[in-house]
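Presented below is the structure to which this report refers.
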Amino acid sequence: MPTRTTIADGDVHIELPKIKGSRFLAAARRVRTPEEADAFVAAVQAAHADATHNAFAWKLEGTERTGDDNEVRGTAGPPILQHIGGAGLVDIAIVVTRYYGGTKLGKGGLIRAYGAAAAAAIAAAEHVEEVALAHLSVSCDYKLLGPLQGTIQQLGGTVTDTQYGDAIALKVSIPTEQEAALRDALRERSAGRATVD
């Protein structure tokens, strides 16, 4: 069964020994959505509003983002993301905070420092192996709800959210290796009347 690696819930905070007078602190958190990742970055930036820079990177399944926060372009966010990718992690956000110490580090020095802070946060975090999941949206008539929920459960899926309106909208998580089977089963069970995105 395909797996993915992330970090356990709970924040990780580390600080590197000073580099030419500059302090580098890193904070890492497991995140599940872009909104959650952006909120974590904003919270760390607010907590260290007096810092010189709060650079970040986050990576979810299929999407990622970086920010240099006015460091030399490409010297802060991308090295953080490179370490996340190198560790094979997803669903993680890391913010590295720098308090300038009076001595410039140069491009290479910045890349090494931000990368080292990210690497230290990754090393300090508990890594967790999980079954890789696909996330589907299913829309159906009210009378199909029971049969479709049964089909979802039989194939190892979980309904994570249900919205009631003119039709029922379900959010479903399923192991990725079962996604195609679930799509086929839902189409067959509903005689094509359920939509799956």
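The values are calculated or read from the model by the stated rules, or taken from the named source; none is laboratory data. Owing to the predicted nature of the structure, the values given are computational and were not obtained by experimental measurement. Cβ: placed from backbone, ideal geometry, glycine included. Neighbour counts: every protein chain shown.
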- Task: Please work out which one of (1) outside the structural domain of L186 (by TED's automatic domain parsing); (2) more than 19 Å from R30 (Cβ to Cβ); (3) free of Cβ contacts under 8 Å to residues at least 40 places away in the same chain is the condition Y114 fails and give its number.
- Result: (3)
- Conditions (1) free of Cβ contacts under 8 Å to residues at least 12 places away in the same chain; (2) under 30 Å from E15 (Cα atoms); (3) aromatic (F, W, Y): number failed by Y164: (2)
- Note on the structure: Expected single match for in contact (Cβ under 8 Å) with a residue 24 or more places away in the chain, assigned to a strand (DSSP E or B), outside the structural domain of V31 (by TED's automatic domain parsing) and not acidic (D, E) among V159, V138 is V138
- Query: Does T52 satisfy being in the same structural domain as G115 (by TED's automatic domain parsing), under 25 Å from E129 (Cβ atoms) and of a type in the set (V, I, T)?
  - Reply: no
- Message: Regarding the stretch 141-162, can at least one residue be identified that is modelled with pLDDT under 95 and within 30 Å of D69 (Cβ to Cβ)?
- Response: no
- Message: Can you go through A87, A76 and tell me which one is touching a residue at least 40 places away in the same chain (Cβ under 8 Å) and either of a type in the set (A, V, I, L, M, F, W, C) or out of contact with any His (no Cβ under 9 Å at 6 or more places or on another chain) (or both)?
- Response: A87
- Of the residues G67, G62, G108, G77, which is in the same structural domain as A123 (by TED's automatic domain parsing) and at pLDDT below 95? G62
- Going through the stretch 1-34 in order, the residues found to be assigned to a loop (DSSP other than H, G, I, E, B) and either crowded, with 22+ Cβ neighbours inside 10 Å or over 13 Å from the mean Cα position of the chain (by Cα) (or both) are M1, P2, G10, D11, L16, P17, K18, K20, G21, V31
